[in-house]
1. Having 1 or more residues that are at pLDDT 95 or above, within 25 Å of the chain's Cα centre (by Cα) and not hydrophobic (A, V, I, L, M, F, W, C) is the bar; report the helices (runs of 4 or more DSSP H) wholly within the range 138-230 that clear it.
2. Show the residue pairs that are 6+ apart or on different chains and have beta-carbon atoms under 9 Å apart, the first residue being within the range 236-248 and under 13 Å from LEU157 (Cα atoms), the second being basic (Lys, Arg) and surrounded by 14 or more Cβ atoms within 10 Å (Cβ to Cβ).
3. Go through the range 332-388 and give me each residue that's among the β-branched types (Val, Ile, Thr), in a strand (DSSP E or B) and either open to solvent by less than 40 Å² (accessible area, probe 1.4 Å) or under 26 Å from GLY164 (Cβ atoms) (or both).
4. Of the residues that make up the range 16-39, is at least one open to solvent by 40 Å² or more (accessible area, probe 1.4 Å), touching a helix residue (DSSP H, G or I) at 6+ places or on another chain (Cβ under 6 Å) and part of a helix (DSSP H, G or I)?
5. When residues of the range 187-237 are filtered for being of a type in the set (S, T, N, Q) and open to solvent by 70 Å² or more (accessible area, probe 1.4 Å), how many remain?
6. Looking only at residues that are open to solvent by 30 Å² or more (accessible area, probe 1.4 Å) and in a loop (DSSP other than H, G, I, E, B) in the range 90-107, which one is nearest to ALA302 (Cα to Cα)?
7. Working only within the range 166-186, note down all residues that are open to solvent by 30 Å² or more (accessible area, probe 1.4 Å), under 20 Å from GLU143 (Cα atoms) and touching a residue at least 12 places away in the same chain (Cβ under 8 Å).
8. Taking only the range 54-66 into account, find how many residues are in contact (Cβ under 8 Å) with a residue 12 or more places away in the chain and open to solvent by 10 Å² or more (accessible area, probe 1.4 Å).
Amino acid sequence: MPPSNPRVVILGAGFGGLQATKTLSRAPVDITLIDRENYHCFQPLLYQVATAALSPADIAWPIRHILRRQKNATVFMTAVTGIDVAARVVNTEAGAFPFDFLVIATGARNWHFGHERWAETAPGLKRIEDATRIRRSILSAFEEAELARDEAARKRLITFVIIGGGPTGVEMAGAIAEVARQTLARDFRRIDPRTARIVLIEAGPRLLPTFSEQHARYAHDTLAAMGVEVMTSTAVLECDERGVDVAGGRIDAGAVIWAAGIMASPAAEWISAAHDRGGRVIVGPDLSLPGRSDIFVIGDTACVNDAGGRPVPGLASAAKQMGHYVGKVIAARAAGRATSVAPFRYRHLGSLATIGRRAAVVEFGRIHLKGFIGWMFWSAVHIYFLIGIRNRFVVAVTWLWSYLTFKRGARLITEVPAPRPHQR
């Protein structure tokens, strides 16, 4: 009987896991791709689902459809419960999966800096369920304000607090301001949505800490011009269903949104590995677990530095580069080629953040863009990275329609299942 192909188990169908799977499409291996969902989500556009600009179907695609032509890949939808490193087995709710090579690409989860009860009242934005939950809370706040008979209650309900001044926080604040000032401006009779208060809170001294000072100031000024209250050097002391407490006092709010921190998935616990403060597994130069050439960790789950000694950022482009690299390494080893490979080298493809309907900041090497030109560049990049011609066309047309009319077509208030613990 001829020997069977090496078994490659890949955990997570995000950018890194999918890229590793595709890179191994011609390799002599049998791939098992495991994810707790049956779809791949384009996370950079989740905030547009949360603010009713796009529907979930516009930014998510069935994993099986993406890999339908890759004969050496089998997809299973189940949740990981642990990994037996010694026995080389991944344990899941559906049973055990043995491996010869393991790729852990399980991403990150929201982290409330030890205040996990805040997650109930200040949801983060990592999954489709998070986005639809936030959309529900935003739209419901306006509906409840229309019903309220007390002016103080109305003001509280149409006050929105976003915690965290990174790209996600900036994008959310700008999008909510547009919803209130433009999209919903004439839809209500007893309230004026244009009077909504949007507060963006950042604990650090400025917004967009990974961007240049010039672009951080531009983002601050642009949001302020849109009516957003920007509070920097301000820490949130307490958070509940009716608002937040900061050093300057209480801010009553109808909805609070978390954009301040993330933590890696529990992968470090599964494999009893060394990790950084954010839970990311410390890996070797080839992205493998130290002492184990058969286990790789990539994407937001991995702690790895670039050529300059700086941590590789948790970006989609970084995860895809890691997935491609690990796929090549496994393919070479499965084919019996050289076992020594050059260390992983991250190539930074730039940083982007949008600030509403026609403003964005872009930093790509020496190319720095802002304003409408930056927004056009940001839009083109995001449309390019969407999967499938249909989705690119739908998103492009939806954005054009929204730009010309200020209308948003996904303003549906739907039931959202209770959040479940992160596991994949």
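1. Details: elements: 151-157, 167-178, 213-225.
Correct list: 167-178, 213-225.
2. If the second residue must be basic (Lys, Arg) and surrounded by 14 or more Cβ atoms within 10 Å (Cβ to Cβ), the pairs left are ARG242/ARG156; GLY243/ARG156.
3. The answer is THR354, VAL361, VAL362.
4. Within the range 16-39, one or more residues are open to solvent by 40 Å² or more (accessible area, probe 1.4 Å), touching a helix residue (DSSP H, G or I) at 6+ places or on another chain (Cβ under 6 Å) and part of a helix (DSSP H, G or I).
5. Going through the range 187-237, the residues of a type in the set (S, T, N, Q) turn out to be 195, 210, 212, 214, 222, 232-234.
With the extra rule that they be open to solvent by 70 Å² or more (accessible area, probe 1.4 Å), the set shrinks to 195, 210, 214, 233.
Qualifying residue count for the region: 4.
6. So the residue we want is ASP100.
7. Within the range 166-186, ARG181, GLN182 meet the criteria.
8. Residues in the range 54-66 being in contact (Cβ under 8 Å) with a residue 12 or more places away in the chain and open to solvent by 10 Å² or more (accessible area, probe 1.4 Å): 8 in total.
The values are calculated or read from the model by the stated rules, or taken from the named source; none is laboratory data. Since the model is a prediction, treat every value here as computed from it, not as a measurement. Neighbour counts are summed over all protein chains in view; Cβ atoms, including those assigned to glycine, are modelled from backbone coordinates with ideal geometry. Calculation scope for accessible area: heavy atoms of the full protein, side chains included, ligands and nucleic acids excluded. Shrake-Rupley method; radii C 1.70, N 1.55, O 1.52, S 1.80 Å.
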